[in-house]
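Structure record follows, encoded as structure tokens.
The values are calculated or read from the model by the stated rules, or taken from the named source; none is laboratory data. Given the structure is predicted, the values throughout are model-derived calculations rather than measurements. Note that we place each Cβ from the backbone using ideal geometry, even for glycine, and neighbour counts take in every protein chain shown.
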Amino acid sequence: MTFLFQYIFWHYSEGLRRQTRKTLLVVLGFFRFFSVWLLFKTLFSPWHKISESYGIGFDLTRYFYAIMGNLISRLIGAMVRAIVIITGLIITAIAGAYALLKIALWLLLPLLIPIAIVGGFLFIFFHI
């Protein structure tokens, strides 16, 4: 009987702490994998650092060409980064929901074992 109490104590103390830590690391791993924070900080940076030079002196055509090229590069960069940010946040949210489900199941696991045993006996002997 002491083994059962030791298991339950471990399950709700050290085991729960380990499971919580592992699942949170998975969620943070997805957030870091998609570099969501870095992409937020560099949302309007030029795409692949492609930018047009304004050149020396003032030439209105070259100046307009450089402004439009840099604007297009920044818009493309913002669109791609926004798509990756949204995808990363969605996948991180799914991983977070999975983590909550996993922790909830971990908390219920000691209760599910006797319920499954009793249910198995009821099924075998009474065909319920």
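At-a-glance table
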quantity: Residues (surrounded by 15 or more Cβ atoms within 10 Å (Cβ to Cβ), polar (S, T, N, Q) and over 18 Å from the mean Cα position of the chain (by Cα)) located in region 27-48; calculated: S45
quantity: Pair list, Cβ under 7 Å, 6 or more apart: region 3-25 residue over 16 Å from L100 (Cα atoms), other residue in a helix (DSSP H, G or I); calculated: I8/P110; H11/P110
quantity: Filter pass, T87 being modelled with pLDDT of 90 or more, under 34 Å from the mean Cα position of the chain (by Cα) and within 30 Å of L109 (Cα to Cα); calculated: no
quantity: Selection status of I56, outside any helix (DSSP H, G or I), loosely packed, with under 14 Cβ neighbours inside 10 Å and among the β-branched types (V, I, T); calculated: yes
quantity: Any hit, region 26-42, residues being without any contact (Cβ under 8 Å) to a residue 40 or more places away in the chain, under 21 Å from G88 (Cα atoms) and not in a helix (DSSP H, G or I); calculated: yes
quantity: Pairs with Cβ under 7 Å, 6+ apart, first in region 99-124 and more than 21 Å from F9 (Cα to Cα), second surrounded by 12 or more Cβ atoms within 10 Å (Cβ to Cβ); calculated: A99/T23; A99/L24; A99/V26; A99/V27
quantity: Total residues in region 4-26, condition among the hydrophobic types (A, V, I, L, M, F, W, C) and surrounded by 13 or more Cβ atoms within 10 Å (Cβ to Cβ); calculated: 3
